[in-house]
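Contents: one structure, followed by commentary.
The values are calculated or read from the model by the stated rules, or taken from the named source; none is laboratory data. Source: prediction; values computed, not measured. Because the Cβ atoms are built from the backbone with ideal geometry, glycine has one as well, and the counts that use them run over all protein chains shown. SASA here: full protein model, heavy atoms, side chains in, ligands and nucleic acids out. Shrake-Rupley method; radii C 1.70, N 1.55, O 1.52, S 1.80 Å.
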Amino acid sequence: KLVSWVQGQAAERAAAERRASEQAAQAEVARVAAMRTRLTELLDDTAESILKRDLADATARLRRACADVNLAGVSNEVAAALRFVEALGEMPKLILKSFHAQTDQAVRLEMRDGTVESWTVAGTDADKVWVRQSVGKGMMAKQLVVADLSLEERQRRLGDDKRADLHVMRGLLALEARDQAEAAALFAEAGALEKGDGKGPGVVAALVR
């Protein structure tokens, strides 16, 4: 009888341990599922801010998420999304960089009001480009900011590199021009590039959803 009792106790302990292990596994599955759901919601909210062209809100949202312990298991995805949104904020600098490459060259610029102006690029600084043109025997200089340019001019100056962040920038410019079909196509192309890369931040997928 003693042997049977000992064996019974051992069986009960083993069963209890199995139940505890199963419950722990179920709890972990639920925790991970909840965390993934929160990540999806975060990316959806971020995408909404991007579509509203409110990159400051999108950036602040992701920075808060980076410090959220409840998202610690997806911290790499959150950090990647933050880097992607910060890259979108570099659009003005990329446009200005295109002018820097044209220093001392003559350019024809399509302006925000639809006019086309001829200038020689004199140089650039952090947030503007300096242009000049001959007037009689003298020289006239002017400073331009990215907002002075037409949407089409900005699109052209982003170049034609096939990168997900550049396609999203182009899509945002299309939205600003109220061309939703073009914006959707550009976001879809960005999504394909992100998927093909295999390590995208998921922000573009949220934009396409």
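Could you give every pair whose Cβ atoms fall below 9 Å, whose first residue belongs to the range 71-82 and is on the phi < 0 side of the Ramachandran plot, and whose second residue is of a type in the set (D, E, K, R) and assigned to a helix (DSSP H, G or I), counting only separations of at least 6 or pairs across chains?
Listed by first residue and then by second, the contacts come to LEU71/ARG38; LEU71/GLU77; GLY73/ARG31; GLY73/ARG36; VAL74/ARG36; VAL74/ARG38; LEU82/ARG63.
Under the condition of being among the basic types (Lys, Arg) and surrounded by fewer than 20 Cβ atoms within 10 Å (Cβ to Cβ), which residue from the range 151-209 is modelled with the lowest pLDDT?
Our first condition is that a residue be among the basic types (Lys, Arg); within the range 151-209, this holds for 154, 156-157, 162-163, 170, 178, 195, 199, 209.
Of the ones still in play, those that are also surrounded by fewer than 20 Cβ atoms within 10 Å (Cβ to Cβ) are 156-157, 162-163, 178, 195, 199, 209.
Details: ARG156: 95, ARG157: 96, LYS162: 89, ARG163: 90, ARG178: 92, LYS195: 71, LYS199: 48, ARG209: 70.
If we take residues in the range 151-209 being among the basic types (Lys, Arg) and surrounded by fewer than 20 Cβ atoms within 10 Å (Cβ to Cβ), then LYS199 is modelled with the lowest pLDDT.
Find all pairs meeting these conditions: Cβ atoms under 6 angstrom apart; at least six residues apart or on different chains; first residue within the range 176-189 and aromatic (Phe, Trp, Tyr); second residue assigned to a helix (DSSP H, G or I) and open to solvent by 60 Å² or more (accessible area, probe 1.4 Å).
PHE187/VAL208
Among the candidates ARG112, ARG132, ARG83, which residue alone is among the basic types (Lys, Arg) and within 18 Å of the chain's Cα centre (by Cα)?
Answer to the selection: ARG83.
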